[in-house]
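The values are calculated or read from the model by the stated rules, or taken from the named source; none is laboratory data. On a predicted model such as this, the values are computed, not experimentally measured, just so you know. With ideal geometry, Cβ positions are generated from the backbone for all residues, glycine too; neighbour counts draw on all protein chains shown.
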């Protein structure tokens, strides 16, 4: 079937219904198959695939990788680590993925990952040992499953010009009825539920008790009518804060840093109850098809170059101690960071690993609350 | 076995049976407890959240279907009766926006309905409002508007085909016998184009009820539909059997509603005839 013929027929008004349907069919087939071939093309070559949160799929973090391999790794994005684990459990194979300390033991227990041979990483000697020494990781004297990469906080980013602060900065800001429908939240329970625990005054050591569940569920229900939208997409929150659609939202460090660099008057709150703190890192899939490149991905993320970008542009902590030498103490303090990560992590509420049952129950409860029940 | 049958078996029947079987299992940590149980169905029936989400989904997609058909009927009517040259060109032009990705169209609506979007900034420039209208985005209305636009092509085509098929001499006869344009439309054109209307309703109602991406991006907390909840079961909530059950329940409900709808229109048509 010739496209030009078809167009000619259309112009002369002679296109039969049959021909037209054929044309539609061809167009439909072409449209559905195009992305497939394009995806294959992108996945061709032997680049490693990095399965990560949105925002880490940028060239700035892979300069050493690109210098060595001449191309960027392939990226696949998830909205929350629970979603990522379910997807990989369903058979999605990647080279490297990006869990956080709280989820790590469950990720390791799934049997989907292989220990990291740290001798293959040129930057390993500069990695802060405190960040490696976490429950479920090397702390138990076992293997290193996760190479720590970034650490930071989940807190409230608010518009200093629009949010009228009453007293100290606090988690109450996200429960402030004056700003109903102008508050935002991350959708993933891995952040929101824990922040709810801080607001409800639940000690993280007791977070698995029934009583804690009830208390946290109660505050989440109270908050729900005030929330304009729950999203896993930080860009949505950043745009809403920038336009004034939202006056405060639960975010990670990066949103506040990015908005500030755009000149939006925002502040990343230091709530009086303490922020939520976490360490994330990278793990290697047990069936990683490009193992050598997987190590290149990790080495690239651990490099000082990437660390400098993480601290300067995203406001996150980095795991490479040398990255911090690029900044003076005042700048770091301004970003809410320190050369001693545990000074920051312990000052907040550090996430603790929970059982799979807890995780499932929490997600189930939280999704019901978000849906209005 | 003919190729058609083979494709149907591999592509539809086998996945459906898998879904059906899983729906009778139970989640067990990361695996499944494969003992047969109807617990999931009992839960789907007894817990109010599932019924409420189903109801909301049917409401949103029902309104969207109605709006789409009402908007598309005049367009199809115009092409069928008042365009005499290059009809196919007209149809192609009308459906042209739908050749772009569905996701892009949804995002486009996000831009249009957004806080600083086209509508809000337009109204504010004209001075009709001083504060952006918040209900435009993250609401059920936003989902309905977007669905009504995104599925228009599926209404225009069947409506056009059924209107095009109408024998023009019937209309002339009606006029000769004294019917005005309005009476003629309701007595001849509309009943004869009913097959197109019914097809359009089905083509829109069935897929939009389970729509996922539109409510996910534009619905906000109150605009979430059953499709979002099913996706969560297979994702974050990690309860595949429950997700399978909800999919089956949704399918059954849609079939039931479709049958009732078909029955009513049959009866109505018989009455007119």
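Quick notes on this one:
- Checking each residue in the range A:339-356 for being within 14 Å of another protein chain (Cβ to nearest Cβ) and either in contact with a strand residue (DSSP E or B) (Cβ under 8 Å, 6 or more places away or on another chain) or part of a loop (DSSP other than H, G, I, E, B) (or both) picks out A:354, A:355.
- Every pair of residues 6+ apart whose Cβ atoms lie under 7 Å, when the first sits in the range B:44-56 and is within 11 Å of chain A (Cβ to nearest Cβ) and assigned to a helix (DSSP H, G or I) while the second is surrounded by fewer than 20 Cβ atoms within 10 Å (Cβ to Cβ) and modelled with pLDDT under 90: B:48/A:373; B:49/A:373
- Of the helices (runs of 4 or more DSSP H) that lie entirely inside the range B:65-161, those containing 1 or more residues that are within 21 Å of residue B:209 (Cβ to Cβ) span B:102-113, B:140-150.
- Among the conditions (1) without any contact (Cβ under 8 Å) to a residue 12 or more places away in the chain; (2) surrounded by fewer than 18 Cβ atoms within 10 Å (Cβ to Cβ); (3) touching a helix residue (DSSP H, G or I) at 6+ places or on another chain (Cβ under 9 Å); (4) away from chain A (no Cβ under 11 Å), the only one that residue B:127 does not satisfy is (3).
- Helices (runs of 4 or more DSSP H) contained entirely in the range B:184-273, each with at least 3 residues that are modelled with pLDDT under 90: B:240-272
- Among the residues of the range A:357-371, the one identified as facing chain B (nearest Cβ under 7 Å) and more than 16 Å from residue B:242 (Cβ to Cβ) is A:370.
- Single match in B:96, B:5, B:70 (criterion: without any contact (Cβ under 8 Å) to a residue 60 or more places away in the chain, under 30 Å from residue B:191 (Cα atoms) and away from chain A (no Cβ under 14 Å)): B:70
- Taking the range A:256-312 as the range and being free of Cβ contacts under 8 Å to residues at least 40 places away in the same chain and either over 13 Å from residue A:61 (Cβ atoms) or surrounded by 19 or more Cβ atoms within 10 Å (Cβ to Cβ) (or both) as the test, the residues that pass are A:260, A:262, A:263, A:292, A:307, A:308, A:311.
- Annotation: of all residues in the range B:106-119 being crowded, with 16+ Cβ neighbours inside 10 Å and touching a residue at least 24 places away in the same chain (Cβ under 8 Å), the one that is nearest to the other protein chains (Cβ to nearest Cβ) is B:110.
- Conditions (1) within 12 Å of chain A (Cβ to nearest Cβ); (2) surrounded by 15 or more Cβ atoms within 10 Å (Cβ to Cβ); number of the one not met by residue B:84: (2)
- Condition check for residue A:331: surrounded by fewer than 16 Cβ atoms within 10 Å (Cβ to Cβ) and not assigned by TED's automatic domain parsing to the domain that holds residue A:62: no
- Count of residues meeting criterion [farther than 24 Å from residue A:323 by Cβ and either in contact with a helix residue (DSSP H, G or I) (Cβ under 9 Å, 6 or more places away or on another chain) or in contact (Cβ under 8 Å) with a residue 24 or more places away in the chain (or both)] in the range A:104-141: 13
- Subset of the range A:92-114 [surrounded by fewer than 16 Cβ atoms within 10 Å (Cβ to Cβ) and touching a strand residue (DSSP E or B) at 6+ places or on another chain (Cβ under 9 Å)]: A:93
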